Amino acid sequence: MVAKDVLFEIRKKLELHLGQTIKLRANRGRRKTYEKEGILESIYPSIFIVRVDENSYFQRLSFSYADVLTETVELSFDEGDFKQTVGL
């Protein structure tokens, strides 16, 4: 029950930043880590979606709140001089 509350808190923190620019660092296993910058586009009960605009195309990346909890994905928002990290 406690883990469910933590996931809900992560979701609520992300809802405050809907539509804002987000920086993410994702660990995809076996030394495969990538860093992207995009816009927090949508929030759903189990996942959230980040739209990443590249030079000639865009992609949508989806992550679960458990990814943030287990630190598979690290998120940060720049708000002026203040950098906020979502997580525990």
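A few remarks follow.
- Filtered residues of segment 1-41 (kept if within 14 Å of Val52 (Cα to Cα) and among the hydroxyl-bearing types (Ser, Thr, Tyr)): Thr21, Tyr34
Residue-wise test of (1) under 11 Å from the mean Cα position of the chain (by Cα); (2) more than 23 Å from Ala3 (Cβ to Cβ).
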site	(1), (2)
Leu16	no, no
Gly29	no, no
Lys32	no, yes
Glu41	yes, yes
Asn55	no, yes
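- Strands (runs of 3 or more DSSP E) completely within segment 1-77 that count 2 or more residues being touching a strand residue (DSSP E or B) at 6+ places or on another chain (Cβ under 7 Å), surrounded by 11 or more Cβ atoms within 10 Å (Cβ to Cβ) and basic (Lys, Arg): 21-27
- Of all the residues in segment 14-35, those that are basic (Lys, Arg) and modelled with pLDDT under 90 number 4.
- Residue ID - nearest to Asp78 (Cα to Cα), chosen from residues in segment 1-52 that are in contact with a Phe, Trp or Tyr (Cβ under 7 Å, 6 or more places away or on another chain) and touching a residue at least 60 places away in the same chain (Cβ under 8 Å): His17
The values are calculated or read from the model by the stated rules, or taken from the named source; none is laboratory data. Please read these numbers as outputs of a predicted model, since none were measured by experiment. Virtual Cβ from ideal backbone geometry, glycine too; neighbours counted across all protein chains shown.
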